[in-house]
Amino acid sequence: MNTSEPILSADALIKRFSGVVALKGVSFDLRPGEVHAICGENGAGKSTLIKLLGGIHPAGTYEGEVRVDGKPVQFYNSRDAENAGIAVIYQELALVPELTVAENIFLGVEPRRFGGLAIDWPKAYRDAAKLLSQFKLNIPADARVNDLGIGYRQLVEIAKALGKKSRVLILDEPTAALTEQEVDVLLDIIRDLRARGIAIVYISHKLDEVFAIADRITVLRDGASVASLAASETSKDDVIRRMVGREIADLFPRRASHPGDVLLSIRDLSVESAARKPLLHDISLDVRAGEVLGIGGLMGAGRTELLMHVFGALGRRTAGTVTLDGKPLSARHTPSESIDRGLVLISEDRKRYGLVLDRSIGFNMSLSSLPAVTNGPGALGIVNVPAEAERSRGVFKSLRVKAPGLETIVGGLSGGNQQKVVIGKSLLTDPRVVLLDEPTRGIDVGAKIEVYELINELTAQGRAVVLVSSELPELMGMSDRIVMLSQGHITGEFTREEATQEKLLAAAMADKLTPVETGIA
Amino acid sequence: MSVVATKPIVSTEGAPRGLDARVIIMPCVLLLLGAYFGWSEPAFFGARNLSNLAIELSLTAVLALGMLLIILPGHIDLSVGSGAGLLGGAAAVLIFKLGWPAPAALAVVTLAALVLWLAMGTLIVTQRVPAFIVTLGGLLIFRGLHWYVINNGTIPVVRGGETNLFSLLTTYNLPPLAGLLLAGVVIAVMAIAAFASFKRLRGAGVAVDGELSFLRTFVTAQVILLFVLSCNAYQGVPIAAVILGVVATFVQVLTRDTPYGRYLYAIGGNEEAAVVSGVPVTRVVIAAFGMIGLVTALTGFLQTAYAGASTTTVGTNLELDAIAACVIGGTSLKGGRGTVGGVLMGALIVTALINGMTLLSYGPEAKNIIRGAILAAAVWADVRFGKR
């Protein structure tokens, strides 16, 4: 291992947010050419730490010291951090969707010609294409970011940071949206960068990846660094124990199920986008009460599109029927009708489709089910605030949302707690069928297990769950049956016993796909 | 986390109730304005001018409250000024030229306004044409129609020497005793409602600040009483002020206490999330446009009655005053933020400014420059000092 001088180090960092201590003493150091993973649960302080290192929380708002090459530094904005050679790729991507890949990569640092008067677009596109091919990304430099799936956007963001020739790359949950195949590509890229002497801070909840890539691991718990370990001298179980401060027996606690009547039935469904591009064709499947139906596939296979269409939020139906509880859902039903009928969707993109970020937890939790706590005629009745608060508080407690109270603004919560708010909102509608799209994306082990336990609880109450996941172990661990999609249709159906990683992957790749076709919606 | 603020946070699940800088700044601005105008021209605080001010406030505030319902879900309506001119003019023509009874004319025009604005709302929501464009088109079309309808002339709201429902809108005043009685009833209802709500919330364990809620009720009661007493010193409470009271109460309850109000805030905060949460976005926004249509008709009647007749200039730039009142009152043009109290305060600032400058015989040049500067300063102050 490299034992040279640290390129970046943090000493006893303390950061407070209006009375709440987010960091209470975090120290760690990063050496050139090492991959240093930071692990910790929701709210352990990971995001705060990297925002501090990236200049988002400016110098003076925290205690402690940050050093680059041994010298104390003060970052007042992200530009300062970039100038020091530190690039941070946040979970919330910072791409301009209306611009092309190349325009995004060179945003603000466009190559010039004619004595600096004009942007040298041919060079920008050439360099972007070179950069992309260097990282084996089969994305055209002139594709609009809007047309790329979220996973590809992540890769573009990484390419963008690398284009700035950074010495330190901080990646916050870089693989949260990626399929296993893409994760392998990314890990290869990271190994390549390490070989070139770039130091990498790698934040991930996926311990398999952490152990595949990291040289050292720092564990945060409740805002403090509790251990810095060499990856070769520790184990997954050890890290999990240090993260949660207790033992975790079983990662996938799926209980045996007793499927009942068919609640959701889809027959010969074909759907196209508003622009008349085919999204799904000839999909037939049933979901029974008390059952978890897993849906897998590569990015762009149509998993999210299927859930969104069934929920009434996406696409035009060109053929087929969707039946909920024996009664058809019309081709043009709206999400509000779906919710009335007992069908809810928890979206993979919770900030876009799940939350009103500058409102309180209570406001968000109630949004789907206000009529239930309203006296009087529908939307014009008077909300019974005490009844509403009591109901929300019950869910707030049972989901163990970590926040001071229902009045807390959702935007400031960690990813896992935001996800709990979205789930709480759905549960308050008392659904019969719950559509879960990547419910554990970007949340930590402890919160993941809470989501799994919740799935068990839902099915035990006779509700049906449809679970879309990119993580095969999760899909196999939590589903009673698994359907694999590829290019908009079903390429395999497996019982829990039949399913193996090889069989699922074979079905997911049943049609030979290129990433470009799958990535562009 | 063990270190958690122990002070109860003043807020419930509805519109935010927390105090922020704006709550302090706006009354200060108002006091400064009052002090300056009162010192320069003592008649500013004379009973007669206060009564005029009350009517002018009512005209501006009613429209601004309607505008709030459009801005909250992130839209805008530029057509309300010329629309008010058209609707007031149409009613005047029906009465003066065609001899219709005033109530029938007002009712028919109100209905027409509802239909027009529902149509614009439908165009905006279902066809996804930006509200800015649709209502900009409306602004020009309505202005043209207005001038066409009144034939570029002057159409009085009532035939010579008579009075009717239309003309009384801005000339009738409640008898002093009736004004006092009304104020007493309103204050009593308000106090009882505030206390009951406080008890219910406290009983349910919702964090509420009793002192703040008492203070709010107490101050509002004082303002109402003072207002009635000063109006009674002249000719009594103008009926326009009573109309404003009714509209403000309605919008307050709508935005604060109903699911519909929550939906407005949710759509403005994150429309896609609102759709996926089952909020009937299409219906909610179209209904908001329907409501501003009704409010525009009401404003048209009030404005035309205040002018005494429909002329080509009635309604001009009213949309800007309404938007300015909203923005000065802390409403975010991006949607999702704004309160009735703020809009009323904003409308009062806008109105007092115009009234005072008129009283001090400022020229139209200075008036325009000062109004523009105040609007820009208000938004700057909001961005700079407002809580995010």
Skipping prolines and chain starts, which residues have an amide H placed within reach, meaning under 5 Å, of the one on A:V88, given they are 5 or more residues away or on another chain? A:I170
Count neighbours as other Cβ atoms within 10 Å of each site's Cβ, and list the trypsin sites (Lys or Arg not before Pro) in segment A:150-229 that are DSSP loop with at most 11 such neighbours. A:K165, A:R196
From the Cα gyration tensor of segment B:221-297, with a ≥ b ≥ c the square roots of its eigenvalues, which class applies: rounded if a/c is under 1.5, or else prolate if a/b is larger than b/c, or else oblate? prolate
Measure out, as a whole number of angstrom, how far apart the alpha-carbon centroids of segment A:312-359 and segment A:78-130 sit. 38
Rg(Cα) of chain A divided by 2.2 N^0.38 Å? 1.00
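Anything over 25 Å Cα to Cα? Flag those among A:K397/A:K448; A:K24/A:K165; A:K51/A:K71; A:K15/A:K402; A:K165/A:K448, in the order listed.
In this structure, A:K24/A:K165; A:K165/A:K448 exceed 25 Å between Cα atoms.
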Using only C-alpha positions, report the orientation-averaged shadow area of the convex hull of segment B:173-237, nm², one decimal. 4.2
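Tally Lys and Arg at +1 and Asp and Glu at -1 over the other residues with C-beta under 10 Å from the C-beta of A:T304: what net charge comes out?
Working: positive: A:R303; negative: A:E305, A:E348, A:D349, A:D437, A:E438.
Charge balance near A:T304 sits at -4.
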Cα-based reach from A:K164 at 16 Å (exclusive), listing lysines while leaving out same-chain residues under 8 positions away: A:K123, A:K130
Can you give me the pair-distance distribution of segment A:257-374, C-alpha pairs, 10 Å bins, whole percents? 12, 39, 34, 14, 1
Kindly provide the pair-distance distribution of segment A:8-244 built from C-alpha pairs, with 5 Å bins from 0 and whole-percent values in order of increasing distance. 1, 6, 14, 17, 19, 16, 12, 8, 4, 2, 0, 0
Which residues qualify? For A:V226, with a placed amide H closer than 5 Å and at least 5 residues away or on another chain, they are A:V219, A:L220, A:R221
Using every pair of alpha-carbon atoms in the protein assembly as shown, split the distances into 10 Å bins beginning at 0 and state the percent of pairs per bin, rounded to integers. 2, 11, 18, 21, 19, 14, 9, 5, 1, 0, 0
Could you tell me the distance between the Cα centroids of segment A:361-393 and segment A:442-502, to the nearest Å? 32
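Assign one of three labels to segment A:352-430, namely rounded, prolate or oblate, based on the Cα gyration tensor with a ≥ b ≥ c the square roots of its eigenvalues; rounded applies when a/c is under 1.5, prolate when it is not and a/b is larger than b/c, and oblate otherwise.
Values: a/c = 1.93, a/b = 1.68, b/c = 1.14.
Prolate.
Please work out the FRET efficiency for the pair B:A112 and B:R202, using the Cβ-Cβ distance as r and a Förster radius of 51 Å; give the result to the nearest 0.05. Could you put the intermediate results ahead of the total?
Values: r = 48 Å, r/R0 = 0.93.
The pair B:A112/B:R202 has a calculated efficiency of 0.60.
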If Lys and Arg each add +1 and Asp and Glu each add -1, what is the summed charge of the other residues whose beta carbon sits under 11 Å from the beta carbon of A:T100? -3
Would you calculate a helix-derived [θ] at 222 nm for chain B, using -39,500 (n - 2.57) for each DSSP H run of n ≥ 4 and dividing by the full residue count, to the nearest 500? -24500 deg cm²/dmol
Taking θ = phi - 60°, what integer Hz values does the Karplus form 6.51 cos²θ - 1.76 cosθ + 1.60 yield along segment B:143-153, in sequence order, with x for Gly and Pro? 5, x, 4, 4, 5, 5, 4, 8, 6, 6, x
Of the DSSP H helices in chain A, the ones reaching 15 Å or more along their long axis in Cα terms and averaging at least 0.0 in Kyte-Doolittle hydropathy are A:150-163, A:180-195, A:445-460
What helix-only [θ] at 222 nm does chain A give? Using -39500 (n - 2.57) per DSSP H run of at least 4, over all residues, to the nearest 500, the answer is -9000 deg cm²/dmol
So if I take the centroid of the Cα atoms in segment A:19-67 and the same for segment B:342-388, what is the distance between those two points in Å? 45
With θ set to phi - 60° and the Karplus curve 6.51 cos²θ - 1.76 cosθ + 1.60, what are the ³J(HN,Hα) couplings of segment B:189-198 in order, to the nearest whole Hz, using x for Gly and Pro? 4, 4, 5, 4, 4, 5, 5, 4, 5, 4
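Each reported figure results from applying straightforward, stated rules to the coordinates on display, with no laboratory input. Predicted model only: the values in this text are computed from it and were never measured. Neighbour counts are summed over all protein chains in view; Cβ atoms, including those assigned to glycine, are modelled from backbone coordinates with ideal geometry.
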